[in-house]
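This report refers to the structure that appears directly beneath it.
None of the figures in this text is laboratory data; all of them are computed from the coordinates on show. All of these numbers come straight from a predicted model, not from anything done at the bench.
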Amino acid sequence: MIDKVKLINDALEHVDSRYRLAVILFKRARMINQGDKPLVESRFVKEYFVALEEFLQGKLEWKEPFGEWKKVK
């Protein structure tokens, strides 16, 4: 559990708010849940934490001003 909290705190350093991070991760987690293949090998089973690892490894990128993100390959 503490490992997951540390990962979230690390991810918060790359966005301007925790709410934006939640939106990015939940949208990506939904895509993984609907069949999109994960972009990284993850030690986690839950889609949210797989998306978190993708974000931390630089595989997801948030684009302003339209508020959209894209997968980085």
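Out of (1) 16.8; (2) 12.0; (3) 12.3, which label holds the value of Kirkwood radius over Cα pairs in Å that was computed here?
(3)
For the chain, what does the helix formula give at 222 nm: sum of -39500 (n - 2.57) over DSSP H segments with n ≥ 4, over the residue count, nearest 500 deg cm²/dmol?
Roughly -16000 deg cm²/dmol at 222 nm, from the helical runs in the chain.
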